[in-house]
Amino acid sequence: MVGITFLQPSRGTSMWVINIRHWLNESFTGPGLPQLKFKVQKLGEIITYATAIEAGIPVDVRPQCWRKPQRKPCAGELEISLNPDTKQIHWQCTECRDEGVVTGWSGLMWDISASSSEILH
């Protein structure tokens, strides 16, 4: 699949590394393929949460994990942080430890940070 890299951190779990623009349609408003709809939706939640916190907008509920270890929904919440220098958003599940980094989000519809008016292509 284009736009995804898996890294193998030292503790043996996989890590998602995603440039979300590679998963979007040409107008950057939705998934580029139907099978990416759910993942793009979840990444949009992560971007919205991270940029809201960065902009000082209070958010009561963190996004939930979407993984299904052993075919059962994970009950974990995502710990999410935005590195303002690298523009990388990192997430990690509090339960299953699934984690990843999303890039390419700046200026997209989920970006509600102060710089969201600067649309970069």
In the range 80-121, anything among the hydrophobic types (A, V, I, L, M, F, W, C), at pLDDT 90 or above and either loosely packed, with under 15 Cβ neighbours inside 10 Å or in a loop (DSSP other than H, G, I, E, B) (or both) is listed as CYS96, TRP105, LEU108, MET109, TRP110, ILE112
Can you go through ALA55, ALA75 and tell me which one is of a type in the set (A, V, I, L, M), more than 19 Å from GLU99 (Cα to Cα) and either at pLDDT below 95 or in contact with a Leu (Cβ under 6 Å, 6 or more places away or on another chain) (or both)? ALA55
For GLY30, all conditions in the list (1) without any contact (Cβ under 8 Å) to a residue 24 or more places away in the chain; (2) within 13 Å of the chain's Cα centre (by Cα) hold save one; what is the number of the exception? (2)
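Looking only at residues that are small (Gly, Ala, Ser) and surrounded by fewer than 21 Cβ atoms within 10 Å (Cβ to Cβ) in the range 45-58, which one is nearest to LEU78 (Cα to Cα)? If you could, list the steps in order and put the result at the bottom.
If we filter the range 45-58 for residues that are small (Gly, Ala, Ser), which is where we start, we get 50, 52, 55-56.
Those left that are additionally surrounded by fewer than 21 Cβ atoms within 10 Å (Cβ to Cβ): 52, 55-56.
Working: ALA52: 15, ALA55: 19, GLY56: 19 Å.
The selected residue is ALA52.
Considering the range 38-79 alone, what residues qualify as being in a helix (DSSP H, G or I), more than 16 Å from GLN92 (Cβ to Cβ) and of a type in the set (A, V, I, L, M, F, W, C)?
First pass over the range 38-79, keeping only residues in a helix (DSSP H, G or I): 38-54, 69-71.
Right, trim to more than 16 Å from GLN92 (Cβ to Cβ) and you get 38-41, 44, 48, 51-52, 54, 70-71.
If the condition is that a residue be in a helix (DSSP H, G or I), more than 16 Å from GLN92 (Cβ to Cβ) and of a type in the set (A, V, I, L, M, F, W, C), then PHE38, VAL40, ALA52 are the ones that fit.
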List pairs: first in the range 45-66 and on the phi < 0 side of the Ramachandran plot, second small (Gly, Ala, Ser), Cβ under 7 Å, 6+ apart or cross-chain? THR51/SER113; GLU54/SER113; ALA55/SER113; ALA55/ALA114; VAL59/ALA52; CYS65/GLY76
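The values are calculated or read from the model by the stated rules, or taken from the named source; none is laboratory data. Since this is a predicted model, take the numbers as computed values, not measurements. Every residue, glycine as well, gets a Cβ built from its backbone with ideal geometry; the counts of neighbours run over all protein chains shown.
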